[in-house]
Amino acid sequence: MTSAIQVKPISGALGAEIDGVDLASDLSNEAFDQVHQAFLDHHVIFFRGQHGLTPEKHKAFGRHFGTLNVHPYVKGMEGHPEILEIIKEPEEKTNFGGGWHTDMSFLEEPALGSILHAIEVPPFGGDTLWANQHLAYEALSDGLKETLEGLTAIHSAKGEYGPKGQSALNRQSMEATAAPDAPEFEHPVVRTHPETGRKGLYVNPAFTLRFKGWSRRESRPLLNYLFEHSRQEPFTCRFRWEAGSVAFWDNRSTWHFALNDYHGHRRHMRRVTVNGDRPF
Ligand code: SIN
């Protein structure tokens, strides 16, 4: 049965669709190993037709990879605090995740990965994009790589979950707590993937505030350069959702962006976020 698993890359940069896996079933060790290897090789993996993935099974799949995160600022699903219901109603204008970011880099131990299940999708639009941060790092000059290796960045949720970000978060469909005093944590600007040993950039426009020991004003030009650089098209892939689709991405090596181009239609997703370890 496990030999039926097929891994089909969807772009040259990252992302692969996996056929022949029912995430709601008990995966054999062999099937699990194949899925895990595809996750490490392709950084984001996609499964279609996962209509049997109940909240319990969704969490059970996530627990194969680690403990599950309960979001500190966004209220989880009723009875399932580990599941974020990411909903945009037809009359709402803003969406959740509508800017390039990596999940939970504002924590001391940021997320390993996120598993997003599409419940209801708009008839057009609402795609998600990912960008490979290993490729972004590898494309830099040796001189800039060397400079960045010596730098630490300060991350916090205080911008996105502060007054500026509230309009995107606090809508009728999602409830978020304001966090203007959210703590700051330090992470290396170049991070080594704990499972593959590959280096990648680890700053993002949503949660990286400045470099350690630099003012915000001094940090801005170099951060802006990295933010522009890291999202270039050759580093990206784009996924068209169907109801029942699942994406599982590695937050240690990717950014993602939820497109907000389907006004007047409903989009409903459920996300389980797997806790990770301290970046080094
Ligand atoms: C997110 O940032 O986790 C949301 C992604 C999406 O809704 O496509």
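Among the residues making up the range 78-103, those that are surrounded by fewer than 22 Cβ atoms within 10 Å (Cβ to Cβ), out of contact with any helix residue (DSSP H, G or I) (no Cβ under 8 Å at 6 or more places or on another chain) and hydrophobic (A, V, I, L, M, F, W, C) are I86, I87. Test F39 against the stated conditions and say whether it is part of a helix (DSSP H, G or I) and modelled with pLDDT of 95 or more. It is true that F39 is part of a helix (DSSP H, G or I) and modelled with pLDDT of 95 or more. Taking the range 13-37 as the range and being of a type in the set (S, T, N, Q) and surrounded by 14 or more Cβ atoms within 10 Å (Cβ to Cβ) as the test, only Q34 passes. Here E109 qualifies as of a type in the set (D, E) and either out of contact with any strand residue (DSSP E or B) (no Cβ under 7 Å at 6 or more places or on another chain) or part of a loop (DSSP other than H, G, I, E, B) (or both). When the range 167-186 is limited to residues that are more than 29 Å from H265 (Cα to Cα) and touching a Lys or Arg at 6+ places or on another chain (Cβ under 8 Å), the one that is surrounded by the fewest Cβ atoms within 10 Å (Cβ to Cβ) turns out to be D181. Here the range 70-84 is the region considered, the condition is being within 11 Å of the ligand (Cβ to nearest atom) and outside any loop (DSSP other than H, G, I, E, B), and the residue that is nearest to T273 (Cα to Cα) is L84. When the range 131-162 is filtered for residues that are closer than 16 Å to P110 by Cα and either β-branched (V, I, T) or in contact with a Cys (Cβ under 9 Å, 6 or more places away or on another chain) (or both), the ones remaining, listed by number, are T152, I154. Residues that are of a type in the set (D, E, K, R) and within 11 Å of the ligand (Cβ to nearest atom) were ranked within the range 86-118; the one that is nearest to H51 (Cα to Cα) is K88. If a residue must be surrounded by fewer than 20 Cβ atoms within 10 Å (Cβ to Cβ) and either more than 15 Å from R220 (Cα to Cα) or free of Cβ contacts under 8 Å to residues at least 24 places away in the same chain (or both), how many such residues does the range 143-157 contain? So the answer is 7.
Among the residues of the range 119-159, just one is in contact with a helix residue (DSSP H, G or I) (Cβ under 8 Å, 6 or more places away or on another chain), part of a strand (DSSP E or B) and within 16 Å of the ligand (Cβ to nearest atom), namely A131. Of all residues in the range 222-242, those being within 14 Å of the ligand (Cβ to nearest atom) and not in a strand (DSSP E or B) number 3. Can you name the residue in the range 1-12 that is without any contact (Cβ under 8 Å) to a residue 40 or more places away in the chain and either closer than 19 Å to W130 by Cα or charged (D, E, K, R) (or both) and, of all such residues, is surrounded by the most Cβ atoms within 10 Å (Cβ to Cβ)? Only one residue fits best here, namely V7. Annotation: of all residues in the range 241-280 being of a type in the set (D, E, K, R) and over 16 Å from the mean Cα position of the chain (by Cα), the one that is farthest from G12 (Cα to Cα) is R266. Looking at the range 243-261 only, could you name the residues that are of a type in the set (A, V, I, L, M) and within 11 Å of the ligand (Cβ to nearest atom)? Hits for the range 243-261 are A247, A258, L259.
Listed by first and then second residue, the pairs linking a residue in the range 81-94 that is among the polar types (S, T, N, Q) to a residue that is within 12 Å of the ligand (Cβ to nearest atom), with Cβ atoms under 7 Å apart and 6 or more places separating them unless they lie on different chains, are T94/A168.
The values are calculated or read from the model by the stated rules, or taken from the named source; none is laboratory data. If you're wondering where the values come from, they're calculated on a predicted model, not measured in any experiment. Cβ sites come from the backbone with ideal geometry, for glycine too, and all protein chains shown count toward neighbours.
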